[in-house]
Every structure is written in structure tokens, then in C-alpha cells.
Amino acid sequence: MTPSTILRRHALAALARERTIALVAALFAALVLVSAYLGWSATSTVDAIYASATHWFEANGKPVPSNPVTQGSPLALLRNLTIYISLIGAFSAIVIGYRMVETDRRAGVLPLIGARPLERLDYARGKVSALALAVGGLAALAGVVGAATLAILPSVHLGPGDWARLAAFFSLGWLYMMTFGLIAIGASARARSETVGLMVPTVVWLVLTFVWPALTGNILPTAAINPISALAPAPQSTIFDLSAMLLGPFSLAEAYKYLGAELMGYLPDGLPPRGAVPPLVVMMLFAAGSGLYALRGCLKLDMTKGGPDA
Amino acid sequence: MPDLSAIPTIALKDARIALRDRFLLAATLALVAAALISLITGTVAMRTDVATYMAAKQQLLALGKSLGSIAAPEFYPLKLMRGTIEQIEIMGAVIALIAGYRAAVEERGRQTLALILTRPLSNWQFLAAKLLGGAGLMATALAFVFALCAVVLALGSGIGIGANDLLRLAITWGASTLYLSAIFAVGFGLSLWLKSPASGLLYAFALWLLVVLVAPQIGDTMDPDNQVAGGVFAQLSIPKAEQTRIKQGFATYETIRNGIEVSSVTKHYERFTFAVLGIKDIYTGKALGPIWADKKGDAWFLILFTLGLGGLVLLRPIRADRLTKET
Amino acid sequence: MQTDTPAVSTRGLTLSYGDFTALQPLDLDIGRGEIFGFLGHNGAGKTTTIRLLTTLMEPSGGTASVAGCDLAHNRIALRRAIGYLPENVRLYDTLTTRENLRFFAALSRIEDARDRVEEVMEFLGITDLADRRIATFSKGMRQRVGLAQAIVHRPQVLFLDEPTSGLDPMGVRQLREVLERLNGQGMTIFMNTHLLSEVARSCSSIGVLSHGQLVFHDTIETVNARYGSEEALEELYLSVVPDREVAA
């Protein structure tokens, strides 16, 4: 067994025993279920409103417009998942990434690992691959709950293309969560204190989710928690055109929500992405950048520190 | 009459440390920045509306037509505070949680708690001092935010703001202080009670996600009008009277939706401040008297929630033996 | 407050967690003006005893008084009468020595806090550290500031938990001299320690705790008379303390 495999197995075993991780994962799973319910409930309500409105149109001899919820893809039922992955999913990934290095440091085992015949790169590989698997587990959990919901609902019929899009959506969610998990590994490896290791990735996540979109034209921060409002077009103004051009390529949360909406079929017609860089490229660049940050953090990790006072 | 001099002593010590603590300063600046970004982008968006209106007006006048066909945008400077309030709801809450965590970690596990608790003061006085110190900190940071917002509104809106607007901003500052003090108490309490302060912070974040984001999010998402871009009624072009009739058929659903929303203190804070500042259209331009009559329930919820949480932190005994161990 | 009562007096003082007894019923009297050395293996219950006597923990049973103040019914007065220096003391890093000391002096509600802080700094020879922040201090410097906060309010009984832990020989010597001067002013000192040599040199009486039970308590004169030398003290210690440690 290679050193990185041993480290990965050990990291995953330690994660599996942590109550905090179990709680965060349970919260995530519960909210995936909630999002499935919300999608179903809200769609049924709009259906019922439409039925009620149809009577009125017919009674008044007016033409009946088409039902707005049947216009989109059935996958759009799960649109809240985009939001929950960007909130709880990303936060869970931060907690997992943070614990990867912090657990070793707090236990005081870093000097013991550092004195073993292995390279820092092995340490980095072990931790990053453990994160990838753990976050993969979260994405798979969301995928299973989402797929089961769609399979159970009687009025929803998915074709092979839809299933493929759903799989692509969860892969995208995995990539998004991984980005924050990697930032957390890098930050906790570099941080001088336990708190800073948790705070740095959290602040990056908060800024990208709630502040950055305000700069590129999605003015209200609470738009970030509504899958539809998150896709509002920017006001027509030179300033917003300029800010979208300059800052859009760095707006990771918007890129993810845009791609998610595109895959799940609820992207408003004709809405352009923020900035000139395609959203998928934005996501890939962020993931690569955060991967490098995590790698650098692990390579430069001070193995002499450890214990509760570290 | 017990000697309460320990309370200001500890609160002032906390204030001194907070002033020297670069992290907290950075966090306050982050709140100011987030609030101002929202305010300034809101102002830009409003100016864009004004420019569009003026251009349309010029065009109509040039064509010799009446202005009745285009609606003039409303110019209420305080409406621009919406983004700022939302930033306080979200980012402000995070900063308050971290401040609470730091207030606990500052004493816990570093023996200063042992040094304080072997002094002639009751344990509740120590807790009260920490809570008051936190509330003072939040009040000061928010005072900066609101003072800057007032300046930006006066200069940027192009209309200026009057004494009544300032009063409304002051009321909002008070409500914001209460809201963030409650969140501070959560961060402080959990970081003090749980196995390690970092676990406390983590659980506080999880609670923040549920209370500040998820509960309002569920309520917001269950609103049928938010399920269709532009709103379901608008898309179906249903007249107002018919909308009301249809909505009556969904009273139970709406009650559940509202119930989920109001389980979150954030929503009460938002409803109260949106009314006071006239952000919600039905309160725009209304006097404070009728607004209070309408929204006093939200205000009382906010006050009692904050006092209740503070009381909970005060009443829970400190496990000094555990908290003074190195963690 | 009566001055004829012992500085520390316990009767059946106990602490249990479920089935585990951290401190067996403890009967102990320490006279005023004594320097009491409390010996014992790791996990014997020495720190627990100090935490009980300084009100940081609640006993499961028994009674105790410190400086004539009852532990159960007169906690605030008791806190007024004691000073406490925990092991590995850490103070507020971002505050200076003077600010830290003024803060703790104010909490102890002494009238002449400002003057007293200067006096204590001079007494301990740390006036040159007055305006420096604690974050930059070595272990020895922290320990001296820690001791300053413990005596700033002129306590009657001073509790020290492993005060020599981590100090170099010079630091140990300086601490001994300071404790002797404080004792000379009438202060009772209750000191947990591992260092038998320190006990032999500084203490007027000793107690040995093993697995939560007091197995020996007498004056140092008696010990010296009976055993004759410092090596003999080690022999005494080893004879009453088992050769294995227990989990703390």
C-alpha cells in the first residue's frame, strides 16, 4: 500500500467517526429531501393556480395561456438542489477539508507523520483524494435522493438524455463543493490557528456567494438563496456591463448556478452568462486554482507543530 | 445590592481587545464593505432607471405625446437600503457569530476564565459582561455602517435625506443591533458550551445556515410567485382582483409557508426594517405610527428573542472545571 | 473573618464522577502562614483539590473553608481572600502586562488598584515588562505576570498549581525567593508540585496524595527529623505512592 493510500484510508476512517461530519452530512441529506419536496409542492401549487385561472379565462372568453410549469424540463423540480449544494454542500466540503489537516494537527501527530519515510506530496495526495471521495459521497447521496424522487413522482417521466443531464448536474455539484474543500485544506495547512483555518474558506465562500454577485449586477444578496432570482438579468447600465466584464469571470457561484440551471432546464431564455468567460471554464479554473492552493499548503505544512496549543 | 462593577470592567476589557484585534476590525470592515457595495450598486441601478425614464420622457415630449403612458420611477432613497439590510441579515450574522466565538475562546481553555472566576464576582456577572461587550461591539460596528449609508444616501441618491429618514435609519440601527446581538449570543453560548470552541463555531454556522438562510429560503421558494420568472400571476396576466380570489383558495398553504418563514428571527428583522425604511411597497411613504401598529409583532419578537437568548446564556451554569482545561 | 481558624480546612471533601472517585474524603488542616507542598503522581487529584478549594469545581460531598470562608456558603468572600496561579497560565495576549494586571486588580475590587499594580510589578521585578504585550513573552515572563495577578489583591491564601513547571533553574530559584518573601509577609501558600527538592527547601508542611487519597501529612521538621535528608524525602514519597501512574 502506498503512503498516500494509507493516509487516505486513515483520513476517511477518522472522518467517518466524527460526529460533526455525520451531523453536517445528515443536514445535507435532509435538505436534499426538503428541496425535492419543495420542488414538488411548489409545482403542484402553480398547477393548481393555473387550473383555477383557467376557469376564469374560460368564463371570460379569453384565450388560455400555456401552463408555465409544464414549459420547462421535469428536472427543474430539483432546482433547489443548486441552492442547497451551494449553501450546505459547499459548507460541508469546507468542514471536511478543514478537518483533514486540523485533526492531525490537534492530535499532535504531524511531527510523527513528518518523521516517517514519505514525501509531503504523498501527504497532499492522501488528503486531497480523501476529500474527493468524501465529497463524492455527499454528491452521490444527493444524486440518489434526487433520482429516487424523480423516479417516484407519477407525473414525471425522464428520458435517457434527462438522466444524463442529472448525472452531469451532480458531477458539477461535486466539482463546486471540491473547490471549497480544497481551499479549506490549503487554508488549514497554512493557518497559524485553528480558527483562521476555518474562517478563511468560509469568508471566501461567503464573498463568492453573497457579495460578488452584487458587484456583477445581481444586486440583492438574498437572490443567492432563490434559484430563480439568482438568474435575474443585470440592470442595463454601463457600470454593470463593465463590472460583469471585469468581475464576471471570477463569479464562481453565479457560474455554477448558471450551468446548473442550464442542465436542469430552468435557465431563462436568452440569459447570457456573466462576463465573457464560459461558466464551465470559470469553474474549472477555480477548481484548478484551489487544487494548487491545497497542494502548496500541504507541501509547505509545518510538521513540527502539533497538539492542542498548536 | 450586589456590586456590579465587574460587569463594566470585563466589558471594557473586551472592547479594548476587540479594538486591538485585527481580525475583528477586518470583519467590521467587511460588513461595511458588503453593506456599501449593496447600497452603491442599488443606487447605480436606481440611477439607471431614472436615466431610462428621462430618455423616454424626452422622446415622448419630442414626439408631442403625453407622459401618461410611462410610469415615473419612485424616488425613495431609503428603499436603496434593501441590499444593505440583506447583507446585515447574512454577512452581519456571520460576523456576529465569529465575534461570539472569539468572546468565548478568549477566556476558555486559556486559564483566564479560571483567573476571573476565582475573583469575587458571581458567574452570571461574567456572562452578562461578555454579552454586553458583544452587544456594544455590534452597536458600534453597525453605527459605522449606518452612518456611512446615511452619507452615501445623502450624496448618491440625488434627493438628499431628511430628519425623518435619519430617525428611520436610527430605528433600523437599533433593530439591527438587537438582531446581531442575538446571533452573537448564539455564537458565544455554543462556543462556551460545546466540547471545543471550534465545534461551537461549526454548530453555530450550521444553525446560521438553517435560521438565516434555509428557513427564509423555504418560505421564499414555496411562494408560487417565485416559481416562475417574473411571477406566476404576471406571466398569466391575471388581474389583481382575480389574483386575490385565487390566493384565498390557498390560505392553508400560505399559512404553512408563512409559518416556516416566521420561525426565523431573520424574517422578523427583515419585515420590521423593510417596513420602517419603506422598502416594502405598502409601507413606502407611510408614517411611523401606522407602521409600528402593523409591525410591532415583529419588533417584539426580535426584542424577546434577543432577551430570551441572552437569558438562556446567563442562566446556564458555567462548567469552570471543563472550560479551564486546555482545549 | 477569624484569624485563629486554619488557612485551609477540609472535612470529608469528596469529588466523584459516577463510579469514579477523583478525590476520596479529604480531611486536611493547613495553618496560617504555612507553605504547604502538595505532592502526588500524575492524576492523583492535586489539581482537582486546588480547583475545589478555589471554587472552580463543586464538590460532591464534605465541607471546606479557606481563610475562614465557607466553600459552600461564602464563595464570594472566599474568592476575595485567595489568589490563584494555574499551571501553564495564559493571559490576554493583546493586552500589556500593566493592562492585564489592572484588569484583574479591578475584578478583585481593590481600592488602590493602579498604585498596587505598580507596586507588585516592582516587587516581582517586572516593571520593564509593564508596557509590553503578553504575546511576546517567554514562559518564565508569563509566569511572573501570572504570579503578579495572583497576589495583586493581597490574598491571604495563595494557590499555586505546579508553579515551577517549564521554568529553568534560575526561574525556579527566583520563584522560591518570591514565595519566601510573600510568606514572610504572612501569606499562606498552597503549592502543588512534582519537585521534591523544592518541597524540601521551601515548605513548612507537606501532604502526599495518591489515587485521590491523602496518604501522608506532616510538618517538614517532622519529616526531616524522621528521615534526615532530601533523599529520605524521596524514599518517603516512593513508599506511599505506587509505582504506576493512573490516567488523569
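Restricted to Cα positions, what overall size does region A:3-299 have along the principal axes? Three whole-Å values, descending.
84, 48, 31
Starting from the exponent 0.38 and prefactor 2.2 Å, build the expected Rg for region B:6-322 from its residue count and divide its actual Cα Rg by it.
The value comes to 1.17.
Stretched out fully, how many nm does the piece from B:Trp292 to B:Leu12 gain, at 0.36 nm a residue minus the Cα gap?
Working: separation 280, 0.36 × 280 = 100.80 nm, distance 3.44 nm.
Length difference between fully extended and current span is 97.4 nm.
Taking H as built 1.01 Å from N, whose amide H comes closer than 5 Å to the amide H of C:Gln213, not counting residues under 5 places away?
C:Gln24
Which one, C:Ala22, C:Ala67, C:Ala225, has the greatest fluctuation when you compute a Gaussian network model over chain C with C-alpha springs under 10 angstrom?
Taking springs between Cα atoms under 10 Å, the residue moving most is C:Ala225.
Percent of Cα-Cα pairs per 5 Å bin, from 0 to the last occupied bin, for chain C, please list those.
Bin by bin from 0 Å, the calculated values are 1, 6, 14, 17, 19, 17, 13, 8, 4, 1, 0.
Peptides C:142-152, A:124-134, B:282-292: what's the order by average Cβ count within 10 Å, highest mean first? Don't skip to the answer; put the middle values down first.
Values: C:142-152: 23.4, A:124-134: 21.8, B:282-292: 12.9.
Per-residue mean Cβ counts within 10 Å order the peptides as C:142-152, A:124-134, B:282-292.
Averaged across the residues of C:86-93, what count of C-beta atoms belonging to other chains lies within 10 Å of each residue's C-beta?
Details: counts 8, 2, 4, 5, 7, 4, 10, 5.
Per residue, the average neighbour count from other chains is 6.
Tell me whether region B:114-219 comes out rounded, prolate or oblate; compute the Cα gyration tensor, take square roots of the eigenvalues as a ≥ b ≥ c, and use a/c under 1.5 as the rounded threshold. Present the calculation step by step, with values, prior to reporting the outcome.
Values: a/c = 3.39, a/b = 1.66, b/c = 2.04.
It comes out oblate by the Cα gyration axes.
Show which lysines lie in cross-link reach of B:Lys65 when reach means a straight Cα distance below 24 angstrom and same-chain residues fewer than eight apart are skipped.
The qualifying lysines are B:Lys57.
Taking only Cα atoms, what is the 0 to 90° angle, nearest 10, from helix B:265-276's long axis to the longest principal axis of chain B?
So the helix axis and the longest Cα principal axis differ by about 50 degrees.
Rg(Cα) of the protein assembly as shown divided by 2.2 N^0.38 Å? If you can, show how the numbers build up before the last one.
Working: Rg = 32.6 Å, N = 885, 2.2 N^0.38 = 29.0 Å.
Normalised by 2.2 N^0.38 Å, the Cα Rg of the protein assembly as shown equals 1.12.
Would you be so kind as to identify which of A:Gly265, A:Pro63, A:Gly97 lies farthest towards the positive end of the dipole of chain A, taking Lys and Arg as +1 and Asp and Glu as -1 on Cβ and the Cα centre as origin?
Farthest towards the positive pole: A:Gly97.
Using alpha-carbon positions, what is the distance between the centroids of region A:1-71 and region A:207-257, in Å?
Between the Cα centres of region A:1-71 and region A:207-257 lies a distance of 23 Å.
Considering the dipole of region A:3-299 built from charges on the beta carbon (Lys and Arg +1, Asp and Glu -1) around the Cα centre, which of A:Trp40, A:Gly297, A:Gly248 is farthest to its positive end?
A:Gly297
Relative to the Cα centre, what is the charge dipole magnitude of chain B, using +1 at the beta carbon of each Lys and Arg, -1 at the beta carbon of each Asp and Glu, and rounding to the nearest 20 debye? Before the final figure, lay out each step's value.
Numbers: 30 positive and 22 negative charges, 96 e Å.
Once rounded to the nearest 20, the dipole reads 460 debye.
Using the Cα atoms of region A:1-74 to build a convex hull, what is its mean projected area in square nanometres? Mind showing how you got there, number by number?
Values: hull surface 30.9 nm².
Value for region A:1-74: 7.7 nm².
Considering only the protein assembly as shown, what is the antiparallel percent among its DSSP beta bridges, to the nearest 5? Walk me through the numbers before you get to the answer.
Working: 21 of 39 bridges.
Counting DSSP beta bridges with both partners in the protein assembly as shown, the antiparallel share is about 55 percent.
How much mean residue ellipticity at 222 nm does chain B get from its helices, if each DSSP H run of length 4 or more adds -39500 (n - 2.57) and you divide by all residues, to the nearest 500 deg cm²/dmol? Provide the component values of the computation, followed by the final result.
Values: 15 runs with 236 residues, N = 327.
Roughly -24000 deg cm²/dmol at 222 nm, from the helical runs in chain B.
Which one of B:Arg82, B:Arg245, B:Arg108 has the biggest mean-square fluctuation once chain B is modelled by GNM with Cα springs under 10 Å?
B:Arg245
In degrees, nearest 10, range 0 to 90: what is the angle between the Cα axis of helix A:120-152 and the longest Cα principal axis of chain A?
It works out to around 30 degrees.
For the charge dipole of region B:6-322, defined by +1 on Lys and Arg C-beta atoms and -1 on Asp and Glu C-beta atoms about the Cα centroid, which residue among B:Leu115, B:Pro216, B:Ala99 has the Cα displaced farthest towards the positive pole?
In region B:6-322, that residue is B:Leu115.
If you bin every alpha carbon distance in region B:243-291 into 10 Å steps from zero, what whole percent lands in each bin?
24, 33, 40, 2
Comparing A:Pro213, A:Pro227, A:Pro68, which has the greatest mean-square fluctuation in the GNM of chain A with Cα pairs linked when under 10 Å apart?
Maximum fluctuation in the GNM of chain A, among the listed residues, is at A:Pro68.
Which of A:Lys127/B:Lys195; A:Lys257/B:Lys247; B:Lys13/B:Lys295; B:Lys13/B:Lys79; B:Lys13/B:Lys195 have a Cα-Cα distance over 32 Å?
Numbers: A:Lys127/B:Lys195 25 Å; A:Lys257/B:Lys247 30 Å; B:Lys13/B:Lys295 37 Å; B:Lys13/B:Lys79 38 Å; B:Lys13/B:Lys195 26 Å.
The pairs that break the limit, which is 32 Å between Cα atoms, are B:Lys13/B:Lys295; B:Lys13/B:Lys79.
Once every DSSP H run of n ≥ 4 in chain A is given -39500 (n - 2.57) and the sum is divided by its residues, what mean residue ellipticity at 222 nm do you get, rounded to the nearest 500 deg cm²/dmol?
Values: 12 runs with 209 residues, N = 310.
Value at 222 nm, helices only: -22500 deg cm²/dmol.
Let's see if you can work this out: charge +1 on each Lys and Arg Cβ, -1 on each Asp and Glu Cβ, no other charges. What is the dipole magnitude of the protein assembly as shown about its Cα centre, in debye to the nearest 20? Walk me through the intermediate numbers first.
Numbers: 76 positive and 69 negative charges, 294 e Å.
Computed charge dipole of the protein assembly as shown: roughly 1420 debye.
How shielded is A:211-218 by partner chains, expressed as the average number of their Cβ atoms within 10 Å of its Cβ atoms? Show your work: numbers first, answer last.
Values: counts 8, 1, 1, 10, 4, 1, 3, 1.
Mean number of neighbouring Cβ atoms from other chains: 4.
Averaged across the residues of A:32-44, what count of C-beta atoms belonging to other chains lies within 10 Å of each residue's C-beta? Provide the component values of the computation, followed by the final result.
Numbers: counts 0, 0, 4, 4, 0, 2, 5, 2, 0, 8, 10, 2, 2.
For this peptide, the per-residue mean of nearby foreign Cβ atoms is 3.
Take the alpha carbon gyration tensor of region C:92-136, find the square roots of its eigenvalues, order them as a ≥ b ≥ c, and report rounded if a/c is under 1.5; if not, report prolate when a/b exceeds b/c, else oblate.
Working: a/c = 2.87, a/b = 1.29, b/c = 2.22.
Oblate is the answer for region C:92-136, as a/c is 1.5 or above yet b/c matches or exceeds a/b.
No value in this document is a laboratory result; all are computed from the given coordinates. All figures in this text were calculated on a predicted structure; none of them were measured in a lab. Ideal geometry is used to build each Cβ from the backbone, glycine not excepted, and the neighbour counts take in all protein chains shown.
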